[in-house]
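Down below is the structure, laid out as structure tokens.
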Amino acid sequence: GQQLNQSPQSMFIQEGEDVSMNCTSSSIFNTWLWYKQEPGEGPVLLIALYKAGELTSNGRLTAQFGITRKDSFLNISASIPSDVGIYFCAAYNNNDMRFGAGTRLTVKP
Amino acid sequence: DAMVIQNPRYQVTQFGKPVTLSCSQTLNHNVMYWYQQKSSQAPKLLFHYYDKDFNNEADTPDNFQSRRPNTSFCFLDIRSPGLGDAAMYLCATSRDKAATTDTQYFGPGTRLTVL
């Protein structure tokens with residue numbers, strides 16, 4: 001179910017700006033994931049984090065697994081128009097997978 | 001190459017007319033999941049198969065059923081679709097359900113319209 005607190009809900013930024021979004025939970029999770037979803041498509045995995053404190057990059061994207069295991073953030077540097085979409089955080093613990101409500105990103109050229 | 005394939009991408013059905021959505025995977029993953037996603041919302045897990053073991057979420061309506069005849073294929077059957085069942089249906093797979101192997105990979109989804 002949707003029990004992760006993801007913020008912000010939406011962002012309108014200028015091309016070239018950096019973006020930051022985050023997810024928090026009241027529960028501890030062992031895995032944090034960040035997905036991007038474009039209209040009419042399924043979520044595409046961007047970054048997977050498996051260890052508390054882990055900082056992982058994928059091109060212009062950087063994500064961190066919080067030390068407390070209750071939060072994660074995603075940064076996008078130097079945004080471009082094709083970054084538009086909805087970004088979902090997800091967290092996983094044994095049989096329990098949760099999603100955030102998503103952050104809708106709009107990039108103005 | 002597509003790893004999680006969903007067919008059809010778009011499905012139109014009539015109110016009350018049974019419909020089947022299909023998912024196949026080339027990853028040889030043990031776990032397959034079905035999610036329902038409504039507009040501007042996060043995906044909602046309906047059920048999953050861990051190998052042949054079926055696991056239903058507590059709040060999944062009886063109207064939704066699933067079959068997994070083999071490792072590669074999984075089907076979502078909606079016995080009597082209602083207008084509220086119009087949504088995107090996403091299939092996902094993961095290698096296992098333990099940490100570091102539980103990352104889920106999604107298919108492109110099937111958008112269901114109910115008339």
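Scanning the stretch A:18-33 for residues that are more than 15 Å from residue A:3 (Cα to Cα) and more than 10 Å from chain B (Cβ to nearest Cβ) turns up A:18, A:19, A:20, A:21. For residue A:57, the conditions (1) without any contact (Cβ under 8 Å) to a residue 60 or more places away in the chain; (2) surrounded by fewer than 14 Cβ atoms within 10 Å (Cβ to Cβ); (3) in a loop (DSSP other than H, G, I, E, B) all hold with the exception of (3). Taking the stretch B:91-105 as the range and being open to solvent by 20 Å² or more (accessible area, probe 1.4 Å), at the interface with another protein chain (Cβ under 7 Å from one of its Cβ atoms) and either in a loop (DSSP other than H, G, I, E, B) or modelled with pLDDT of 95 or more (or both) as the test, the residues that pass are B:97, B:99, B:100.
Taken together, A:91, A:78, A:63 contain a single residue that is surrounded by 22 or more Cβ atoms within 10 Å (Cβ to Cβ), in contact (Cβ under 8 Å) with a residue 40 or more places away in the chain and either touching a Gly at 6+ places or on another chain (Cβ under 7 Å) or closer than 30 Å to residue B:34 by Cβ (or both), which is A:91.
Taken together, the residues in the stretch B:28-49 that are in a loop (DSSP other than H, G, I, E, B) and within 12 Å of chain A (Cβ to nearest Cβ) amount to 6. Among the residues of the stretch B:67-76, are any within 13 Å of chain A (Cβ to nearest Cβ), in contact with a strand residue (DSSP E or B) (Cβ under 8 Å, 6 or more places away or on another chain) and modelled with pLDDT of 95 or more? No.
The values are calculated or read from the model by the stated rules, or taken from the named source; none is laboratory data. The structure displayed is predicted, hence computed values, not measured ones. Glycine gets a Cβ as well: all are built from the backbone with ideal geometry, and neighbour counts include every protein chain shown. Keep in mind that these areas ignore ligands, DNA and RNA; they rest on the heavy atoms of the full protein, side chains included. Shrake-Rupley method; radii C 1.70, N 1.55, O 1.52, S 1.80 Å.
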